[in-house]
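Undergrad: Dumping the structure here so I can ask a few things about it.
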Amino acid sequence: MNDYLKSTKMLNYDAREIVELIAAQKWASLNDTYDRIGAIYDYVQSAVPLGYNKYDSLTASQVLADGFGQCNTKATLITSLLRAVGVPCRLHGSKVTKEFQRGLMPKLMAKLAPPLILHTWAEVLYDDEWLSLEGVITDKIYLSGLRALFPEQRGRFFDYAVAVDDFQSLKLIGAAKPPRYSKPPSWRIWAYSTRPTRCTRDIRRSTAASKNSCTKISAEE
């Protein structure tokens, strides 16, 4: 079990920036593991927006300094933060098709990228079960902007670095079955979705534009 709690070269939670962040957020003072996971999940999802870092191999402190991240780098950050507060977790990697990043990945990057690209996510050990935390990758402003761009979209969506069975609920394709909770916290929401590119900035602007032009905003927004 100690292997899933230790600091490593990339999961460098002993770095000053990480230590100061954890102290400021008071995550370690939360008595319940469930709440620690939820608080750190919400932070990494919302405070670290979706964007392409220069390298996938950045340390957790470097991702934090960048202030944005994609699947591989945000997985590094959340794994490091969770381990720092005593929550066992690990990184899980696989290869996925680059096709679902159409519309988001810069054209030159898309052209040079191989057909299959590396995708990494964090898995946390909770109640003796390994649970995926892929939903942390996509920040809420980005998702709101994406919905504003595709207001009529229903059902399966496989573009803009989002792969979901139901665009409205944003449930992850292929996600493991969630555990039996009557009211799942935000870290139980399943959604995958990516330096902020022009596209991600434009998508986020569409959120503000849609809200300014609407006289009535739904409760979900």
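Undergrad: Given G86, G103, which one is part of a loop (DSSP other than H, G, I, E, B), modelled with pLDDT of 95 or more, open to solvent by 10 Å² or more (accessible area, probe 1.4 Å) and not basic (K, R)?
TA: On the way: G103 fails: modelled with pLDDT of 95 or more.
Only one candidate qualifies: G86.
Undergrad: Determine, yes or no, whether S61 is open to solvent by 50 Å² or more (accessible area, probe 1.4 Å) and either among the polar types (S, T, N, Q) or closer than 20 Å to D128 by Cβ (or both). I'd like the intermediate steps shown before the answer.
TA: Values: open to solvent by 50 Å² or more (accessible area, probe 1.4 Å): no; either among the polar types (S, T, N, Q) or closer than 20 Å to D128 by Cβ (or both): yes.
The answer is no for S61.
Undergrad: List the pairs whose first member sits in the range 90-109 and is charged (D, E, K, R), whose second member is open to solvent by less than 50 Å² (accessible area, probe 1.4 Å) and part of a helix (DSSP H, G or I), and whose Cβ atoms are under 9 Å apart, counting only residues at least 6 apart or on separate chains?
TA: R90/T79; K98/A110; R102/A110
Undergrad: Mind checking which strands (runs of 3 or more DSSP E) fall wholly inside the range 126-176 and carry at least 2 residues that are within 30 Å of D32 (Cα to Cα), open to solvent by 20 Å² or more (accessible area, probe 1.4 Å) and modelled with pLDDT of 85 or more?
TA: Those strands (runs of 3 or more DSSP E) span 129-132.
The values are calculated or read from the model by the stated rules, or taken from the named source; none is laboratory data. Bear in mind that the values here come from a model prediction, so they are computed numbers and not experimental data. So basically every Cβ, Gly included, is an ideal-geometry build from the backbone, and we count neighbours across all protein chains shown. Keep in mind that these areas ignore ligands, DNA and RNA; they rest on the heavy atoms of the full protein, side chains included. Shrake-Rupley method; radii C 1.70, N 1.55, O 1.52, S 1.80 Å.
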